[in-house]
Amino acid sequence: MSSSLITALDEITGAGRPVVSVAPVSLSAPDRPVPLEVRVSAPATGRGLPVIVFSHGNGWNLDGYAPLTAFWASRGFVVIQPTHLDSRRNGFGFDHPVFPSIWTERIRDLTRIIEQLEAIETAVPGLAGRVDRERIAVTGHSWGGQTAQALLGARIVDEEGQVGGDMSDSRVAAGILFAATGLGGDDLHPFAQANFPFMRPSFHELTTPTLVVAGDHDQSKMSSRGPDWFTDAYTHSPGATDLLTFYGAEHGLGGIVGYEVAETTDENPERVAVIQRMSTAYLRSALHLDENTWSAAREVFGNSGDLIGRADSK
């Protein structure tokens, strides 16, 4: 891939700034099996900083996903990353009594963070008074995408086919779903049907502006559907109006979890660089920081000639 696309996107998203990152920051969660800890990353300078809450994929923790989270912080966002209960650091396996409730605890982790933004500001030296709490986005990868989409409005369909309760958060203005799981049903493998009730989403209630990012070589181990499974939020929700599909990308999307990590089966730093910049451009427009960055980035992406992927909008 030519570096010209990355250079052109840099002209849209701007240069990076030095970042300060603090972890662990402990938050109040008295009914949680283990303490809730987060990483907070923010530019060292600037005021009126919007917030991105990021939910990691299965097994990860607050130290993962630096290619995304550190980049966003360098471009002017306060990025907050919890360690969810399913982290390998906690040791709650599929057979642990805590496991069946982890998917709901994940969602509560994100709402706890939003509820405690003032405490987070205070806990990070030099951050107090610099955060714009009226501009909040939630993002996530894989299981983290499912977690994030609940706050954006997606609901869960129960075993009787009834759509469950509303877990959305009106304080959230936008979201990005990276390789987020799709619709349930007979395509789900028996293990997923038995252990993952959150893999029965209803997207019709997802109305918050959302970008979906997927790979056209991402074959789930939980569903017999092809890679299009990871685009269901875009296909079926009114809020997910934009889709980026990356050619040749698998579940790690080139390495958004981290460079050279074992589970990245499609290592591609150039693809990650494009995802960094395209996601930044989307969030800047969706949070009304600059209405033009997303349309400009999408045009550059579509006209680059690099054949890295496709941008769709509805």
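The values are calculated or read from the model by the stated rules, or taken from the named source; none is laboratory data. All of these numbers come straight from a predicted model, not from anything done at the bench. Cβ sites come from the backbone with ideal geometry, for glycine too, and all protein chains shown count toward neighbours. To get the accessible areas, we keep the full protein, side chains included, count just its heavy atoms, and leave off ligands, DNA and RNA. Shrake-Rupley method; radii C 1.70, N 1.55, O 1.52, S 1.80 Å.
Here are the numbers for the structure shown:
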quantity	calculated
Carbon + sulfur, % of accessible area of the stretch 1-112 - ligands and nucleic acids excluded, 1.4 Å	54 percent
Check: the stretch 77-141 dipole with +1 on Lys, Arg Cβ and -1 on Asp, Glu Cβ, in debye	120 debye
Compactness of the stretch 116-165, expressed as Rg and Dmax over alpha-carbon positions, Å	16.1, 51
Distance between the stretch 83-133 and the stretch 253-314 - C-alpha centres, whole angstrom	26 Å
Full-stretch length increase - SER313, ARG47 - with 0.36 nm per residue and alpha-carbon distance subtracted	92.6 nm
The stretch 12-118: translational diffusion in µm²/s, Stokes-Einstein, Kirkwood Rh over Cα pairs, 25 °C, 0.890 mPa s	170 µm²/s
Overall form of the stretch 196-304 per C-alpha gyration tensor (a/c, 1.5; a/b vs b/c)	oblate
Scattering curve values for the stretch 250-313, log₁₀ I(q)/I(0), Debye with Cα scatterers, q = 0.11, 0.16, 0.23 Å⁻¹	-0.29, -0.58, -0.95
Label-point gap, in nm, between ALA119 and ILE6 - each point 7 angstrom along Cα→Cβ	4.0 nm
Positive-pole candidate from TRP143, LEU244, ASN90, dipole of the chain, charges at beta carbon	ASN90
Listed residues TRP72, GLY129, LEU62: farthest to the positive end of the dipole of the stretch 60-139 (Cβ charges)	TRP72
Antiparallel bridges, percent of DSSP beta bridges restricted to the stretch 43-197 (to nearest 5)	5 percent
